[in-house]
1. Taking ARG647 as meeting all but one of (1) free of Cβ contacts under 8 Å to residues at least 60 places away in the same chain; (2) within 30 Å of ALA846 (Cα to Cα); (3) not hydroxyl-bearing (Ser, Thr, Tyr), write down the number of the exception.
2. Name the strands (runs of 3 or more DSSP E) wholly inside the range 38-152 in which the number of residues that are hydroxyl-bearing (Ser, Thr, Tyr) and at pLDDT 95 or above is 1 or more.
3. For the range 587-619, give me each residue that is assigned to a helix (DSSP H, G or I), β-branched (Val, Ile, Thr) and either surrounded by fewer than 17 Cβ atoms within 10 Å (Cβ to Cβ) or touching an Asp or Glu at 6+ places or on another chain (Cβ under 6 Å) (or both).
4. Being within 17 Å of THR338 (Cα to Cα) and either at pLDDT 95 or above or in contact with a Phe, Trp or Tyr (Cβ under 7 Å, 6 or more places away or on another chain) (or both), is that true of even one residue in the range 275-284?
5. Within the bounds of the range 643-666, is there any residue that is touching a strand residue (DSSP E or B) at 6+ places or on another chain (Cβ under 7 Å), part of a helix (DSSP H, G or I) and of a type outside the set (A, V, I, L, M, F, W, C)?
6. Name the single residue, out of those in the range 298-308 being of a type in the set (A, V, I, L, M) and either surrounded by fewer than 24 Cβ atoms within 10 Å (Cβ to Cβ) or under 21 Å from ILE147 (Cα atoms) (or both), that is farthest from the ligand (Cβ to nearest atom).
7. Output the number of residues of the range 74-92 satisfying the condition of being surrounded by 16 or more Cβ atoms within 10 Å (Cβ to Cβ) and either polar (S, T, N, Q) or in contact with a Phe, Trp or Tyr (Cβ under 8 Å, 6 or more places away or on another chain) (or both).
Amino acid sequence: MRDAQPKNIYLKDYQSPLFLIDQTHLRFDLFEDYTQVDSRLVMRRNRQQHQNNNEPLVLVGQQLALLDIKVDGELLTSADYLLEGDLLTIYKVSNNFELEISNRIEPQNNTALEGLYKSSGMFCTQCEAEGFRRITYYLDRPDVMSIFTTEVIADKARYPILLSNGNAVAQAELAAGRHSITWHDPHKKPCYLFALVAGDLMVKDGSFTTMSGRMVELKIFVEPQNIDKTDYAMDALKRSMKWDEDKYGREYDLDIFMIVAVDDFNMGAMENKGLNIFNSSCVLANPQTATDAAYQRIEAIVAHEYFHNWSGNRVTCRDWFQLSLKEGFTVYRDAQFTADMNSKTVKRIEDAAIMRTVQFAEDAGPMAHPVQPDSFIEISNFYTVTIYEKGAEIVGMIHKLMGDAGFRKGSDLYFERHDGQAVTIDEFVSAMEDANNTSLTQFKRWYKVAGTPRVDVVSHYDAEAKSYRLDFKQSTSEAFLIPIELGLIAQDGSVLEASLSSCAENKADCYDGQLFQLTETEQSLIFSDVAEEPVPSLLRDFSAPIKLNYAYSRDQLLFLMQFDSDGFNRWDAGQNLALDVIFEVMQQQKNGQPITVDQRLITAYQGLLQQSGLDYAMLAKAMLLPSVSYIAETQAEIDIHAINNARSQVQAILADALAEDLLCLYEKLNTQTAYLPEPAQMAQRGLKNTALAYLLKSSDPQYCQLAVNQFGTNDNMTDSMAALSSLVNSAYSTAASIALEEFYQQWSAEPLVVNQWLAVQAGSVEYGNLENINKLLSHEAFDIKNPNKVRSVIGTFAGQSLVNFHAVDGAGYQLLADKIILLNTLNPQIASRLVAPLSKWRRYVASQGVQMKKQLQRIMAQEDLSKDVYEVVSKSLAAE
Ligand SMILES: [Zn+2]
């Protein structure tokens with residue numbers, strides 16, 4: 001067992017830094033067997049914050065070989081400092097001094113992929129959150145902001161490209177075939193935004209002229225074989241730069257903006273100042289190798305990282321408890337961008353689905369934490385859907401409360417007031433309050449309290465008095481401020497113009513005709529002059545991340561599916577109807593009754609298919625049944641097999657009933673147009689492939705050939721992969737095997753395509769796939785050290801192949817635990833992220849929960865458990 005348990009770090013213990021670093025001069029000498037790092041730091045005591053500060057200087061460093069230390073040019077002896085664990089204490093320093101440190105590191109042996117490491121022969125870095133301490137001794141905390149100058153030296157033939165943040169200011173040819181390039185970043189930044197890249201890379205060039213007329217060079221660096229996969233990222237980057245100027249008035253601030261694609265990467269991408277480093281899966285695309293989904297991901301992530309230049313880099317976080325300050329706001333900004341570039345409603349549906357399946361589950365599990373957490377053991381565990389997506393929902397609610405103009409005023413004030421600073425979430429909220437002359441005191445509860453609020457709504461119609469009342473009741477004893485968009489739909493489908501006759505006391509402005517501000521635990525809205533009983537359309541546009549309950553009848557849901565003028569709620573009504581039907585089938589199964597599916601659901605889906613003029617992207621969303629994960633999230637006790645059986649039955653019955661319409665739609669959409677990654681085409685392909693997947697679920701075997709044909713004859717990966725996926729997730733295992741084999745033969749030289757091939761198999765929803773997962777894990781294409789491959793096989797298996805992960809004999813749990821144990825020492829961040837599917841063991845039926853718990857206990861008993869894995873596993877096992 002471990003000697004000491006990893007410790008919690010608390011927000012309440014925050015202290016401003018005792019020392020500041022005005023300038024950071026770094027010199028990297030890169031060799032194959034080690035890298036020497038020489039740093040020269042211009043430092044001073046932080047006397048402004050700490051008046052009688054005579055404390056020693058304490059720096060942090062991990063896995064570094066210290067060579068020597070100088071203060072103001074004087075070499076220190078071992079009596080002048082103490083190196084203990086990760087802390088380097090230097091006893092005597094004056095108020096202003098220069099500190100020089102030399103140390104060595106071994107990037108080639110760094111499998112954690114934090115700090116400086118090697119990926120496919122190139123050197124690269126990942127410093128957020130605490131990777132910089134694996135490079136040199138430093139004040140590795142975001143509120144220490146410094147001006148960086150970085151010299152990179154390496155063998156010129158092997159590493160012709162040497163990059164760091166800012167602008168290149170000097171270069172030199174050195175002896176023994178080596179060369180050096182020096183970079184200077186004029187903007188102060190915390191060390192988590194530091195980046196370095198050295199490699200043999202090709203560059204795709206572009207340029208952008210900013211709103212003030214400055215020309216910015218744009219460069220995307222990739223390995224030579226990938227140079228034909230950079231066009232889309234470049235295009236997305238230019239659109240992002242323009243959009244941020246138009247929407248937020250934010251202009252780019254350096255002469256050059258660089259993106260580098262890296263194969264081995266723990267995250268999606270990283271917003272290092274002026275030098276973004278991307279997981280190659282989030283930047284490389286061409287029609288032959290990337291699906292529409294990959295194109296959409298690239299557009300969103302390029303935008304996200306670019307937007308960080310203001311929301312994250314110019315204004316950064318004071319400490320890691322404020323992580324959502326930059327992530328929540330930036331996710332919100334990238335969601336707005338995606339909505340503007342594509343369909344606003346579809347984007348909202350996708351985001352709401354993530355909240356309801358993944359975030360609500362996290363909020364109900366052992367790792368539940370507020371958007372501004374008050375403690376953590378390992379910050380890497382807090383790069384969560386709560387910090388990111390719920391954080392973005394909170395910013396979205398502020399936007400709804402302030403209106404478009406008010407929100408822009410608030411963001412302008414925030415950027416203006418805090419440019420060049422490291423600040424807190426409270427300061428973000430203050431800027432919004434001050435710009436709009438309002439108070440968000442009650443609203444701030446969203447940041448501080450974990451869990452998903454529930455709101456129950458009941459309606460009463462008084463036909464004689466022509467009055468209509470909606471009673472709202474919050475589940476928590478202390479009320480949240482919840483913005484609820486609503487509309488009342490008349491029998492003819494129009495929106496009723498009802499006048500509000502009363503709300504709560506002193507809350508006369510709680511409803512503006514669209515947006516209701518629920519501020520009490522119990523509150524009612526009473527409308528007068530309501531001529532007929534309306535159907536309420538509640539929580540339109542998913543205006544708050546809550547669970548809202550209203551006892552809709554199936555007929556009311558059918559009515560909303562047809563008439564609701566809010567696209568999101570029209571979709572949601574269909575989901576609720578399908579959910580209700582699936583629940584009924586689950587009950588029939590449990591009682592041993594024959595399975596019947598409400599004809600109204602079939603008719604409604606038929607209506608969708610036959611309605612002309614419906615947006616293709618919306619229709620594709622509307623046709624999909626609620627996912628197994630979403631259904632699971634609605635259950636008090638989860639039985640994955642019962643859920644999956646019921647859902648599959650409903651799906652098969654729909655597929656049979658709708659086969660003719662689906663085929664007709666498929667044929668109409670299956671046009672031979674040259675591939676373009678643009679929204680209209682993507683929507684058409686998406687709907688076509690939804691129809692195809694349905695047809696393969698019907699009992700008529702003729703549709704298998706449809707998928708086989710599509711697989712064999714197309715010019716793009718989207719259609720190819722969709723055909724392959726529909727075969728893999730069908731009963732036609734022979735056709736699937738042939739296609740899989742053929743696909744691998746064709747694409748084995750393209751790692752990103754091979755990853756999709758791994759994932760499509762690992763995610764199969766057909767029973768009995770465990771044996772194949774084991775085969776994939778020992779396949780030549782798999783590599784446990786590459787995070788993308790781990791995510792493709794192990795992550796996809798545990799996250800999507802739910803019937804196999806939850807195999808009744810527990811073999812799926814054991815497989816996952818084995819891999820977590822293996823990765824614990826290799827790459828703790830990745831290992832820790834894989835624990836989530838086991839962590840919710842208490843929610844499952846006892847026979848499964850017990851086996852999940854057993855695997856968690858087995859992981860817990862490992863020696864050398866990393867902080868990362870320890871935190872998630874110990875919290876999962878802790879008594880409730
Ligand atoms: Zn981010």
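The values are calculated or read from the model by the stated rules, or taken from the named source; none is laboratory data. Computed from a predicted structure; not experimentally measured. No Cβ is skipped: glycine too gets one built from the backbone with ideal geometry, and neighbour counts run over all protein chains shown.
1. The failed condition is (1).
2. By residue number, 81-84, 87-90, 96-105, 115-119, 122-126.
3. THR603
4. Yes, the range 275-284 has at least one match.
5. no
6. ALA300
7. Total satisfying the criteria: 3.
Matching residues to (1) touching a residue at least 40 places away in the same chain (Cβ under 8 Å); (2) of a type in the set (A, V, I, L, M, F, W, C); (3) assigned to a strand (DSSP E or B); (4) closer than 18 Å to HIS641 by Cβ:
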| residue | (1), (2), (3), (4) |
| --- | --- |
| ASN824 | yes, no, no, no |
| GLY849 | no, no, no, yes |
| LYS854 | yes, no, no, no |
| ILE859 | yes, yes, no, no |
| GLN862 | yes, no, no, no |
